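See structure below.
The values are calculated or read from the model by the stated rules, or taken from the named source; none is laboratory data. This is a predicted model, so every value here is computed, not measured. For neighbour counting, all protein chains shown are included, and Cβ atoms are generated from backbone atoms with ideal geometry for every residue, glycine included. Please note that ligands, DNA and RNA were not included when accessible areas were found on the heavy atoms of the full protein model with its side chains. Shrake-Rupley method; radii C 1.70, N 1.55, O 1.52, S 1.80 Å.
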Amino acid sequence: SQKIEQNSEALNIQEGKTATLTCNYTNYSPAYLQWYRQDPGRGPVFLLLIRENEKEKRKERLKVTFDTTLKQSLFHITASQPADSATYLCALASQAGTALIFGKGTTLSVSS
Amino acid sequence: GAVVSQHPSWVICKSGTSVKIECRSLDFQATTMFWYRQFPKQSLMLMATSNEGSKATYEQGVEKDKFLINHASLTLSTLTVTSAHPEDSSFYICSASSAGGGGATYEQYFGPGTRLTVT
């Protein structure tokens, strides 16, 4: 069955460091992968989308890589800030307009 | 742009009653809306896919007669939890794909969620 794993439930880092979150998947060939941020009691907020034919995408302090051979995506937050503390979700889909399959998320805590 | 709203944001109801949750795309047309459910410290689990003007497609294990979904327009989908029980207490979240000139887009935008508590 399709499976998405985010490497750790929780990640604690110091302010200013780079946070790296991992998303691995099996038994799936996604056309694209998305990363979302979710704060407690709130819906997910879209951050970045990367397609299967793209290796890397950047947006401000965020960077996503996508390796379809390793079946893995890495999500980086550079110069992290306490305001970046949240749960980050990885999600996959096979084509546009279809439902997303979500990982359980990694809860990031950035301490000052 | 790409804002999705949900109403209500939270609701408490008694066991056996029905609750309706609305999901609206405020600034775009959504041919497809999705309903997810999220239990504490768990991932979002897809309940059903809703296409405007047609019947919803439910995921395995989701009772279509209990979770009624209506998608009557390109900006509104509703989820009605009928005869709610305490085990239906959860965080319900909708999402929408915008309908661009070439059809559905990849990005999905989520509503803020509705916290349902059944007593």
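Rundown of residues vs (1) assigned to a loop (DSSP other than H, G, I, E, B); (2) touching a residue at least 40 places away in the same chain (Cβ under 8 Å), yes/no style:
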residue: A:G43; (1), (2): yes, no
residue: A:F46; (1), (2): no, no
residue: A:I50; (1), (2): no, no
residue: A:N53; (1), (2): yes, no
residue: A:C90; (1), (2): no, yes
residue: A:Q95; (1), (2): yes, yes
residue: A:T98; (1), (2): yes, no
What single numbered condition from (1) part of a strand (DSSP E or B); (2) open to solvent by 20 Å² or more (accessible area, probe 1.4 Å); (3) touching a strand residue (DSSP E or B) at 6+ places or on another chain (Cβ under 7 Å) fails to hold for A:Y25? (2)
Looking at the stretch B:70-77, can you tell me whether even one residue there is in contact with a Gly (Cβ under 9 Å, 6 or more places away or on another chain), closer than 23 Å to A:R42 by Cβ and either within 12 Å of chain A (Cβ to nearest Cβ) or part of a loop (DSSP other than H, G, I, E, B) (or both)? no
Members of the stretch B:61-75 found to be free of Cβ contacts under 8 Å to residues at least 24 places away in the same chain and not small (G, A, S), listed by number: B:V62, B:E63, B:K64, B:D65, B:K66, B:L68, B:N70
Filter pass, B:T31 being among the polar types (S, T, N, Q), on the phi < 0 side of the Ramachandran plot and within 14 Å of chain A (Cβ to nearest Cβ): yes
Residues of the stretch B:47-69 classified as open to solvent by 30 Å² or more (accessible area, probe 1.4 Å), at the interface with another protein chain (Cβ under 10 Å from one of its Cβ atoms) and part of a strand (DSSP E or B), total: 2
Filter the stretch B:37-46 down to residues that are part of a strand (DSSP E or B) and over 13 Å from A:T98 (Cα atoms) and give me whichever is least open to solvent (accessible area, probe 1.4 Å). B:Q38
Take the stretch B:1-25 and flag every residue that is closer than 27 Å to A:L92 by Cα and either over 15 Å from the mean Cα position of the chain (by Cα) or open to solvent by less than 30 Å² (accessible area, probe 1.4 Å) (or both). B:G1, B:A2, B:V4, B:Q6, B:I21, B:C23, B:S25
Within the stretch B:35-56, which residues are within 23 Å of A:Q34 (Cα to Cα) and among the hydroxyl-bearing types (S, T, Y)? B:Y36, B:S43, B:T49, B:S50
For the stretch A:14-63: of the residues being more than 30 Å from B:T117 (Cβ to Cβ) and aliphatic (A, V, I, L, M), which is farthest from the other protein chains (Cβ to nearest Cβ)? A:A19
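Scan the stretch B:74-94 and give yes if some residue there is within 30 Å of A:L48 (Cα to Cα), of a type in the set (D, E, K, R) and at pLDDT 95 or above, otherwise no.
No: zero hits.
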